[in-house]
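Before any comments, here is the structure.
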Amino acid sequence: MTAVLFDFSGTLFRIESTESWLRAALDEAGLALAEAELTRAALELETVGALPGGTAPRAPMPDQVAAVWGIRDESAELHRAAYTGLSRLVPLPDPALHDALYDRHMSPAAWQPYPDAAEVLSALRERGIGVGVVSNIGWDLRPVFRAHGLDPYVDVYVLSYEHGVQKPDPRLFETACTALGVEPRDVLMVGDDRRADGGAAALGCGVHFVDHLPAAQRPDGLRPVLDLVG
C-alpha cells in the first residue's frame, strides 16, 4: 500500500457524549437545567439522533428532516438543517440552543482522538505512506485536526460537502486517490461504516473496518492498519 484513507468520526476521532454536548452548550449560553431535567433532555436528544457523530436516530423523523436525511452530507446547509431539525424535536429552555448545539459539535473541544490515532498516523508518515481523510460531513473538520496536533500527518482532506458527493459514491474516494497521486489498488480505506466506507472497494481499494466505540473503549483499534500496509 502506498496510501491510507481514513474516515473521521468513529475512526480517527470520537464525538463527546450527548450529555457533555448539551452541558457545554448550556454553559456557553449561560443557562442551567436541573440535573434530572438535563439528563432527560440529553436522553431525548440521543434518541432522536440530534448529535452528529453520535447515536443514529431511533425515533421517527419529521417529513422535512426525512426529505434531506439521505443527502445531508452533500452541503453545509443540508447538514445543519437535518441535525437542527432533529434537535428541535426536544424542548429546550431557549430555542437558540438548537443552533448552539450544532455549533458546539463543530468545535475541537467536542472531539477526542482515539488513543492510538497519533501513533498510527505518525508511523505512516515515517514510512512515507500518504494519508488522506475522506469524510461524509457538512463542515470543515481541519481545525479539529489542527487543535489536536494531527494535521501534520494528513496530506489530503476530501470532505463530502465540499464536493457535493457523499460516500459510498466512488467519486469521493477517487478524488482522494488523485490528490495523493496514487492508484486505488494501492490504497487502503479505513472506516467504521460498512456501507459508506465500503464504497471504496468499488474503486479497487482495500477496505478495513474499525468499531465505532467511545475512545476509552477502543485503545488500539487502529494499530492493525500498520500491519495491513506492510
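The values are calculated or read from the model by the stated rules, or taken from the named source; none is laboratory data. Given the structure is predicted, the values throughout are model-derived calculations rather than measurements. A quick note on method: Cβ atoms are made from the backbone with ideal geometry, for glycine too, and the neighbour counts reach across all protein chains shown. Surface areas here come from the heavy atoms of the whole protein model, side chains and all, with no ligands, DNA or RNA. Shrake-Rupley method; radii C 1.70, N 1.55, O 1.52, S 1.80 Å.
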Within segment 56-70, restricting to residues that are small (Gly, Ala, Ser) and part of a loop (DSSP other than H, G, I, E, B), the one that is nearest to residue 107 (Cα to Cα) is 56
Filtering segment 1-55 down to residues that are in a helix (DSSP H, G or I), within 24 Å of residue 70 (Cβ to Cβ) and of a type in the set (Asp, Glu) yields 44, 46
Out of (1) under 21 Å from residue 143 (Cβ atoms); (2) out of contact with any Lys or Arg (no Cβ under 8 Å at 6 or more places or on another chain); (3) small (Gly, Ala, Ser), the one residue 24 does not meet is (2)
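Test residue 72 against the stated conditions and say whether it is buried (at least 21 other Cβ atoms within 10 Å of the Cβ) and touching a residue at least 24 places away in the same chain (Cβ under 8 Å).
On the way: buried (at least 21 other Cβ atoms within 10 Å of the Cβ): yes; touching a residue at least 24 places away in the same chain (Cβ under 8 Å): yes.
Yes; evaluated as a whole, the condition is true for this residue.
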| said: Checking the structure you have, find out if any residue of segment 118-135 is touching a strand residue (DSSP E or B) at 6+ places or on another chain (Cβ under 7 Å), more than 24 Å from residue 2 (Cα to Cα) and either of a type outside the set (Asp, Glu) or free of Cβ contacts under 8 Å to residues at least 24 places away in the same chain (or both). | reply: no
Those residues of segment 79-97 which are open to solvent by less than 30 Å² (accessible area, probe 1.4 Å) and within 26 Å of residue 162 (Cα to Cα) amount to 79, 82, 83, 84, 85, 86, 87
Flagged in segment 17-31 as loosely packed, with under 15 Cβ neighbours inside 10 Å and over 22 Å from residue 214 (Cβ atoms), in numbering order, are 28, 30, 31
A careful count of residues in segment 35-69 that are surrounded by 14 or more Cβ atoms within 10 Å (Cβ to Cβ), free of Cβ contacts under 8 Å to residues at least 24 places away in the same chain and of a type in the set (A, V, I, L, M) gives 4
Q | Condition met for residue 100 (in a helix (DSSP H, G or I), under 21 Å from residue 34 (Cβ atoms), open to solvent by less than 60 Å² (accessible area, probe 1.4 Å) and touching a helix residue (DSSP H, G or I) at 6+ places or on another chain (Cβ under 7 Å)) | A | yes
- Query: Quick check: is even one residue across segment 195-212 modelled with pLDDT of 95 or more, under 20 Å from residue 111 (Cβ atoms), in contact with a Pro (Cβ under 7 Å, 6 or more places away or on another chain) and assigned to a loop (DSSP other than H, G, I, E, B)?
  - Reply: yes
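So if I check each of 191, 130, 138, 149, which one is over 27 Å from residue 78 (Cα atoms), open to solvent by less than 20 Å² (accessible area, probe 1.4 Å) and touching a helix residue (DSSP H, G or I) at 6+ places or on another chain (Cβ under 8 Å)? Give the derivation first.
Details: 191 fails: over 27 Å from residue 78 (Cα atoms); 138 fails: over 27 Å from residue 78 (Cα atoms); 149 fails: open to solvent by less than 20 Å² (accessible area, probe 1.4 Å).
Step by step, each of 191, 130, 138, 149 is checked, and only 130 is over 27 Å from residue 78 (Cα atoms), open to solvent by less than 20 Å² (accessible area, probe 1.4 Å) and touching a helix residue (DSSP H, G or I) at 6+ places or on another chain (Cβ under 8 Å).
Hey, does segment 106-118 have a residue that's more than 24 Å from residue 191 (Cα to Cα) and either over 20 Å from the mean Cα position of the chain (by Cα) or surrounded by fewer than 18 Cβ atoms within 10 Å (Cβ to Cβ) (or both)? Steps first, answer last, please.
Taking segment 106-118 first, the residues more than 24 Å from residue 191 (Cα to Cα) are none.
No, segment 106-118 has no match at all.
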When residue 169 is run through (1) within 13 Å of the chain's Cα centre (by Cα); (2) without any contact (Cβ under 8 Å) to a residue 40 or more places away in the chain, the failure sits at (1)
